[in-house]
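Take a look at the structure set out below.
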Amino acid sequence: MKVLVTGGAGYIGSHTCVELLQAGHEIVVVDNLCNSKVEVLEKVAQLTGADLSIQSVAEKARLSGFFFVEADLRDRLAMDRLFAEHPVDLVIHFAGLKAVGESVMNPLQYYDNNVNGSLVLCEAMKAVGVKKIIFSSSATVYGDPHLVPIREHFPLSATNPYGRSKLFVEEVLQDIHRCDSEWSVVLLRYFNPVGAHKSGMIGENPKGVPNNLMPYISQVAVGQREYLSVFGGDYPTHDGTGVRDYIHVVDLAKGHVKAIEGLTVNAGSVLTVNLGTGVGYSVLEMVSAFEKASGRTVPYQIVERRMGDIAECYADPAYAGEVLGWKAELGLEEMCEDSWRFQEGSSKV
């Protein structure tokens with residue numbers, strides 16, 4: 001199939017591009033590069049054996065087997081031009097801002113980028129008759145869950161604007177399907193992606209100060225930052241720090257390839273699936289595991305809780321196995337080792 005990958009130069013998007021190309025799909029990547037670099041796509045090309053020929057970074061880069069178009073989803077003219085020049089069968093929608101704390105401080109920015117961008121994308125899809133979409137949602141749509149592990153039928157809410165933006169887009173896509181049953185939608189609610197490609201060539205490398213745990217730990221371990229701030233040491237968990245379901249980004253990427261098969265089998269439906277491991281680790285357990293993998297000490301300080309955070313969140317991944325034939329295969333050791341390999345390589349550049 002020919003797949004449009006929005007946000008394909010980003011962390012999860014780039015790993016998914018590798019898996020899609022290796023599975024034999026054609027892809028078109030659109031990204032505004034607000035938190036990513038076109039060089040990541042060059043590395044995707046290397047990993048998949050594609051030849052890279054950049055016509056113009058500012059407009060379009062052509063890779064053997066896939067294209068990159070630099071554009072913002074909120075630009076309707078750019079999106080119409082993209083669909084006209086690159087007819088696709090379906091869309092995997094990653095593009096969006098993703099930091100919980102930042103969303104609390106800048107809610108309008110998150111609603112504009114995440115919700116408005118999705119609306120423009122869907123309008124452009126409708127105009128050309130593309131009615132298949134896999135949406136990158138989040139476990140944050142469950143808010144502060146009443147119990148764990150979390151299953152897909154649990155009540156939905158959100159404790160921060162980032163989570164609400166994901167929930168709003170889920171509801172938009174469900175309403176579109178109710179209006180037109182030819183739309184096929186997969187809502188992938190994933191938990192906390194970590195790790196990097198085994199090669200060490202691509203991984204999580206945000207611009208500026210990291211908002212996610214693993215890249216921050218990595219930068220402390222390599223000496224780029226002095227210490228890790230642990231937000232909250234008084235949660236009702238076994239060590240007082242927040243517990244999350246950390247999933248290797250390669251496992252997550254493979255889940256999107258499986259979701260394409262799910263779109264075909266469950267055509268004309270809305271499929272909602274958790275992608276997680278079913279195991280929760282605390283922040284301090286993650287620090288300890290990373291220290292073991294890297295051989296480095298990771299200094300940390302317990303600070304006040306962060307607005308919008310919750311105590312505990314991990315998945316029941318059974319349904320993903322039932323409907324997609326998918327389960328996470330990589331454990332905490334691989335997550336930390338691969339993250340460290342990528343960080344070491346990045347720090348030497």
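FYI, it's all coordinate maths here, none of it is from the lab. Predicted model only: the values in this text are computed from it and were never measured. Heads up, the Cβs are rebuilt from the backbone with ideal geometry, glycines too, and the neighbour counts pull from every protein chain shown.
Principal axes first, then extents: for the Cα atoms of region 210-349, list largest minus smallest coordinate on each axis, whole Å, largest first.
Over region 210-349, Cα extents along the principal axes are 51, 39, 22 Å.
Could the peptides 246-259, 100-113 be put in order, highest first, of the mean number of other beta-carbon atoms found within 10 Å of their residues? Don't jump to the answer; show the numbers that get you there.
Working: 246-259: 24.2, 100-113: 16.9.
Output ranking for 246-259, 100-113: 246-259, 100-113.
Quickly work out the Asp144-to-Ser269 label distance, labels modelled 7 Å from Cα along the C-beta direction, and quote it in nm with one decimal.
That separation, rounded to one decimal, is 3.5 nm.
Between helix 283-294 and the chain, what is the angle of the helix's C-alpha long axis to the longest principal axis, kept within 0 to 90° and rounded to the nearest 10?
The two axes meet at around 90 degrees.
Read phi for every residue in region 70-85 and hand back ³J(HN,Hα) as whole Hz from Karplus 6.51 cos²θ - 1.76 cosθ + 1.60, θ = phi - 60°, with x for Gly and Pro.
7, 6, 9, 4, 6, 8, 4, 4, 5, 5, 4, 5, 4, 5, 5, 7
At 0.36 nm per residue, minus the direct Cα-Cα distance, what do Asp175 and Gln301 gain on full extension? Give it in nm, one decimal, please.
Numbers: separation 126, 0.36 × 126 = 45.36 nm, distance 4.49 nm.
This chain segment gains 40.9 nm when fully extended.
Among Gly24, Gly163, Gly268, whose mean-square fluctuation peaks in a Gaussian network model of the chain (Cα, cutoff 10 Å)?
Gly24
Show me, for region 103-118, the HN-Hα J-couplings you get by feeding each phi into the Karplus relation (A = 6.51, B = -1.76, C = 1.60, θ = phi - 60°), rounded to Hz, glycine and proline as x.
These are the phi-based 3J(HN,Hα) values: 5, 5, 7, 9, x, 4, 4, 5, 5, 5, 6, 7, 8, 4, x, 5 Hz.
To the nearest 0.05, what FRET efficiency results for Glu182 and Asp75 with a Förster distance of 22 Å applied to their C-beta separation?
Values: r = 26 Å, r/R0 = 1.20.
That pair, Glu182 with Asp75, gives E of 0.25.
Below 8 Å, C-alpha to C-alpha, sequence gap of six or more: please give me the relative contact order for the chain in percent.
On the way: 720 pairs, mean separation 64.8, N = 349.
This gives 19 percent for the chain.
For the cross-link pairs Lys131/Lys258; Lys37/Lys327; Lys198/Lys327; Lys207/Lys258; Lys132/Lys254, which exceed 25 Å when the distance is taken from alpha carbon to alpha carbon?
Working: Lys131/Lys258 18 Å; Lys37/Lys327 30 Å; Lys198/Lys327 18 Å; Lys207/Lys258 30 Å; Lys132/Lys254 18 Å.
Among Lys131/Lys258; Lys37/Lys327; Lys198/Lys327; Lys207/Lys258; Lys132/Lys254, the Cα-Cα distance tops 25 Å for Lys37/Lys327; Lys207/Lys258.
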